[in-house]
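The values are calculated or read from the model by the stated rules, or taken from the named source; none is laboratory data. Everything numeric in this text was worked out from a predicted model, so none of it was measured. Methodologically, a virtual Cβ is constructed for each residue, glycine included, from the backbone with ideal geometry; neighbour enumeration extends over all protein chains shown. Note: accessible area is taken over every heavy atom of the protein model, side chains too, but ligands, DNA and RNA are not part of it. Shrake-Rupley method; radii C 1.70, N 1.55, O 1.52, S 1.80 Å.
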Amino acid sequence: MWKSPRPVFVLLTILLVVFALAGCGPAGSGSASISAENVWARAAKMSGEAMGGMQHGHGAESMEYGGTKANSAVYMKLVNRGAQADRLISAKADVCQTVELHETVMQGDVMRMQQVQGGIEVPANGSVELKPGGLHVMLIGLTKDLNPGDKFPVTLQFEKAGAITVQAEVRQP
């Protein structure tokens with residue numbers, strides 16, 4: 001006659017399986033030491049019409065950039081809980097033709113955007129804020145309107161942590 005296994009053995013087996021699976025994140029999910037918080041994108045129309053009162057030529061991330069198609073930007077707080085600094089080196093999004101890492105700088109009396117060379121460093125046990133008027137992920141040549149409430153994936157590529165995909169929520173600034 002078959003005897004049921006002891007409850008302690010069953011509990012230990014279940015715990016072993018749970019701990020083993022806890023270390024297996026989804027493929028390509030990147031490092032648990034890097035995370036992105038409060039990820040959002042500026043609303044914009046493909047026609048080049050900026051939403052939320054943004055005006056072309058005033059340094060706004062939703063202004064036209066190198067052509068007639070509209071652009072937008074993604075903002076977030078990158079948090080590194082690891083003991084080593086990491087670097088955001090690129091990003092991808094299906095809502096536009098090109099994605100670049102940018103910063104807004106003052107040149108004389110004019111606010112301009114420029115591509116960040118070498119990526120954006122995220123310090124060990126620290127964070128970096130990507131925000132309007134500063135560092136941001138630039139979406140160039142939108143392929144669809146970004147309306148408030150929409151969400152779309154953005155894949156962030158880190159030097160050490162690898163690729164991390166986050167959801168950006170479109171907001172009015």
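Once each part is reduced to its C-alpha centroid, what is the distance from region 101-173 to region 66-96 in angstrom?
4 Å
Where does the charge balance sit around Ser35 when Lys and Arg score +1, Asp and Glu -1, over other residues with C-beta under 10 Å from its C-beta?
Net of charged neighbours comes to +1.
For region 108-173, give the percent of accessible area contributed by carbon and sulfur heavy atoms, probe 1.4 Å, rounded to a whole number.
44 percent
Which of the peptides 95-107, 74-86 is most tightly packed, and how do the rest follow, judged by the mean count of other Cβ atoms within 10 Å per residue?
Result, highest mean first: 74-86, 95-107.
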